[in-house]
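What follows is a set of notes on a single structure, which appears directly below.
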Amino acid sequence: MEKTFLMVKPDGVKRGLVGEVIGRLERKGFAIEAMKMMTIERSLAERHYAAHDGKPFFKDLIDYVTSGPVVAMVISGRSAVSSVRKMMGATDPSEAEPGSVRGDLATDISENIVHGSDSLESAKREIELFFGLTSKWRDEPCQ
Ligand code: IDP
Ligand code: MG
């Protein structure tokens, strides 16, 4: 069993797609371990997306992801990290497979509804960033 971090980004919340995303995860068989709606501070957004610092779209990405509430979640299940990434679809919705969240519901490479951790290491880092190092997460390694 693995845990991963998933976030419905501001465009997904504004478009009323939180239930759609959660429904897909639940029907697949994943469990929601933790969930909260929040508006991200710039400093948290910059840490979360630190790997993209310096890229041409970085400022727009931070503006966008802090532009309204997000719904942040910890999802658990078998091969949750890679499986949730497949369910999200490719970053660019024009390349995302039909049947995926982005393939079915998005057209824009920047406003692409969801974020999901891309590795076990990212999942652990992102869960800690958004949900903190509570004793629960410290005692349960993220895999
Ligand atoms: P991911 O969300 O599929 O993991 P990343 O490459 O990690 O994709 O990029 C993070 C986010 O940055 C994307 O989901 C998207 O919102 C935005 N982004 C990525 N590449 C571009 C781009 O070329 N132009 C504009 N925004 C981008
Ligand atoms: Mg990424």
Using mean Cβ contacts within 10 Å as the protection proxy, how do 9-21, 80-92, 30-42 order, highest first?
80-92, 9-21, 30-42
May I have the extent of the alpha carbons of segment 1-46 along their three principal axes, as whole Å values ordered from largest to smallest?
33, 26, 13
Run the numbers on the chain and let me know its relative contact order in percent, using alpha-carbon pairs under 8 Å that are six or more apart.
36 percent
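Once the other residues with Cβ under 12 Å from the Cβ of Pro69 are scored (Lys, Arg +1; Asp, Glu -1), what is the net sum?
Once positives and negatives cancel, what remains is +2.
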Could you give the accessible area per residue of the chain, probe 1.4 Å, as a whole number in Å²?
52 Å²
The chain: proportion of alpha-carbon pairs further apart than 18 angstrom, %
54 percent
First compute the accessible area of the chain with a 1.4 Å probe, then give the percent of it belonging to carbon and sulfur atoms.
50 percent
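The values are calculated or read from the model by the stated rules, or taken from the named source; none is laboratory data. Note that the structure is a prediction, hence the values are computed from the model and not measured. Methodologically, a virtual Cβ is constructed for each residue, glycine included, from the backbone with ideal geometry; neighbour enumeration extends over all protein chains shown. Note: accessible area is taken over every heavy atom of the protein model, side chains too, but ligands, DNA and RNA are not part of it. Shrake-Rupley method; radii C 1.70, N 1.55, O 1.52, S 1.80 Å.
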